[in-house]
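Okay, so here's the structure we're looking at.
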Amino acid sequence: MSSPCDPQHAPVGDVSAALFMIDSRLKEIADGKAALDPEQQRLADQYTASLGPQGADDVLDGVCTLIFVFMTWLRKAHESQGKDVIEYVVPSLVATMRRMPKSVRPEAIPTMAGLVVAAGTDLSPTLWRKQYGDWTAEEMNPLEATAFLLAEHINRITDDPDFATRLVAEALSGAEGED
């Protein structure tokens, strides 16, 4: 029986914009910057403001798609080693988020952990989250942090600072080729 949270029923969203946001953060951290420079932050804020409600929803769905893609890759990588992705990824992710109280408030951590578990069990993070109502403003930074931390985790275990971005970019290229 198909789940109402099956990824085939989920919107993909604006994966390109979501990937751009996450990749920008990855590069900033790799360059030793703790935060966006003011000009980049202004441009990011201006872009976000220009999206409108539907565009913002599309980016949210895109971030959830990234989380799904990252967790699918991690699940396959862990399964190939006889390991459970939930056991090895979620505790580390939660522990890292707990050390980020300015970006991830403690009350958002269970939702982000649930989102990752949903993706790790082959459910759509978008549809899983939708069961509990609309996204809140307080969940935006934790959502971005979750996608960032998963991408950074993939980059670290592959020892390639661009692997997660390339993984998604190649998947997007393959999907475009199928159209």
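The values are calculated or read from the model by the stated rules, or taken from the named source; none is laboratory data. None of these values were measured; they are calculated from a predicted model. Ideal geometry is used to build each Cβ from the backbone, glycine not excepted, and the neighbour counts take in all protein chains shown. Calculation scope for accessible area: heavy atoms of the full protein, side chains included, ligands and nucleic acids excluded. Shrake-Rupley method; radii C 1.70, N 1.55, O 1.52, S 1.80 Å.
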**Fill in**
Per residue, accessible area of region 1-126 with a 1.4 Å probe, heavy atoms of protein chains only, in Å², comes to 56 Å²
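Hull surface divided by four, with the convex hull built on the Cα atoms of region 74-179: how many nm²? Before the final figure, lay out the partial values.
Values: hull surface 31.5 nm².
Seen from a random direction, the Cα hull of region 74-179 projects 7.9 nm² on average.
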**Three-way shape call for region 127-179 based on the alpha-carbon gyration tensor, with the a/c threshold at 1.5** = oblate
**Item:** Rounded, prolate or oblate (a/c below 1.5 giving rounded, otherwise prolate when a/b exceeds b/c) for region 102-161 by Cα gyration tensor
**Value:** oblate
**Fill in**
Taking a ≥ b ≥ c as the square roots of the eigenvalues of the Cα gyration tensor, with a/c under 1.5 meaning rounded and otherwise prolate when a/b exceeds b/c and oblate if not, region 1-126 is oblate
**Asked** What residue among Met21, Leu60, Ala77 has its Cα farthest toward the positive end of the dipole of the chain, where the charges are +1 on Lys, Arg and -1 on Asp, Glu, each on the Cβ?
**Response** Ala77
**Fill in**
For region 1-145, whose charge dipole is built from +1 on Lys and Arg Cβ atoms and -1 on Asp and Glu Cβ atoms, the candidate among Trp135, Ala44, Met100 with its Cα farthest towards the positive end is Met100
